[in-house]
Amino acid sequence: MQQCKLPSRQKGFSLIELMVGMTIGLILVAGLALMFANSSQSGNELEKSIRQIENGRYAVELLQEEISLAGYYAEIPLHGIAYSSPAACETSALGFSLTTLPMPIMGIAASNVSEICLTDRLANSPAFVIHRLSAEGAPSNPASAALGTTYVQSSRCSADGVPFKAATAGSASAFDLKAIDCATTNPQIRRYVSRVYYLASCSECGSVSDGIPTLKMAELRGTTMVVAPLVEGIENMVLEYGFDTNADGQPDVFQTNLSTTAGADKWDNVVAVRLHLLARTIDRSADYSDSSKTYQLGAASTVSGDASGFKRRVYTSTVRIVNEAGRRETVSYKPASSP
């Protein structure tokens, strides 16, 4: 007679086996956590660099457009017109007369601290001012002009006796120059634009400063210079002005000195600007130092890095002042050769 075999009893894990299993699991979890942390840190550093690049490029593009439009005076005939030099923060004596217009571009030396509208200006940093008429969109109509704002109206009728008029909107007779029919009023006026670009030591500069170097703009709005932050992380700016010494519309020499005397370095001879910006990341990077690096901002300016943990990058661009350079150009015509 065959004997039945009883089934064996189920046994659990021993304490040693459980401890070994838990140890292996913890090692795997630690490895995954380390991998996640490294991946997250790399993502954060990449985000910082991308933001820095975007800020630097945007700052260059913004200043390129503004510089290229300097001296845009629309229909005003510039023959016989001289340039005046109003203070950068001027809000009333703007430099308009029958024979003068505000200078297209003027530099403000790093040592010049008299411009009080440039609030929280970064120490030892230059600035520059742009004067022009609005080029964005269609000209305004006198009936819809913003009260207290300065506009310029051109005359299209020789009987007016004056080529243009600068006036503050607010009275019906402020803009009375005639259209081409010499009977109706010219319905087009353009807003006067006066902007100062400079570097500030902070973006939010209240009672507690955030300490982020920022490109800012002080703009004439009505009778007040209003400051607005534009791009964070711009900590250094160098401008080399291209002077035209032979009146052909081309820069013959670039220099940073800001003399206003007559000659090659007179401001109304500036036809181009070579712009250098040093942008940094907004947030620090742990264990990062660029103290062994130097950054070249033009031929005569070198900036050394430091151990603050900020990553930096230089952006350079040469901008032609189209309105000033274009009217200086001379075109020579060569007669066609006979067949």
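We did not get these values from a lab; they are worked out from the coordinates using the rules stated. Please read these numbers as outputs of a predicted model, since none were measured by experiment. Heads up, the Cβs are rebuilt from the backbone with ideal geometry, glycines too, and the neighbour counts pull from every protein chain shown.
Across region 87-165, Cα-Cα pairs farther apart than 18 Å form 58% of the total.
Volume per residue for region 193-306 equals 141 cubic angstrom (convex hull of Cα atoms). Applied to region 124-141, the Karplus parametrisation 6.51 cos²θ - 1.76 cosθ + 1.60 on θ = phi - 60° returns per-residue 3J(HN,Hα) values of 6, 10, x, 8, 8, 10, 10, 10, 5, 9, 5, 10, 8, x, 6, x, 7, 9 Hz, with x for Gly and Pro. Around SER304, what is the net charge, scoring Lys/Arg as +1 and Asp/Glu as -1 over all other residues with Cβ under 14 Å from its Cβ? Every neighbour counted, the sum reads 0.
Max-minus-min Cα coordinates of region 141-233 on each principal axis give 58, 20, 16 Å, with the largest extent listed first. The angle between the Cα long axis of helix 15-68 and the longest principal axis of the Cα atoms of the chain comes to about 10 degrees, rounded to the nearest 10. The relative contact order of region 58-213 comes to 23 percent, based on Cα pairs under 8 Å that sit 6 or more residues apart. The charge dipole of region 175-228, taken about its Cα centre with unit charges on the Cβ of Lys, Arg, Asp and Glu (plus for the first two, minus for the last two), comes to roughly 140 debye. Rounded to the nearest 20, the Cβ-based charge dipole of the chain about its Cα centre (Lys and Arg +1, Asp and Glu -1) stands at 960 debye. From least to most packed, judged by other beta carbons within 10 angstrom and beginning with the fewest, LYS178, LYS48 follow the order LYS178, LYS48. Each Cα pair under 8 Å and six or more residues apart adds its separation to the average, and for region 134-269 the resulting relative contact order is 16 percent. Cβ-to-Cβ counts within 10 Å put SER209, SER292 in ascending order as SER292, SER209, the fewest first. Lysine pairs in the chain whose alpha-carbon atoms fall under 23 angstrom of each other, counting only those eight or more residues apart or on distinct chains, come to 6. Looking at [x] 31, 59, 10, 0; [y] 24, 42, 18, 8, 5, 3, 1; [z] 25, 51, 21, 3, 0, which value of P(r) over Cα pairs in 20 Å bins from 0, in percent comes from a calculation on the structure shown? Checking each listed value against the structure points to [y].
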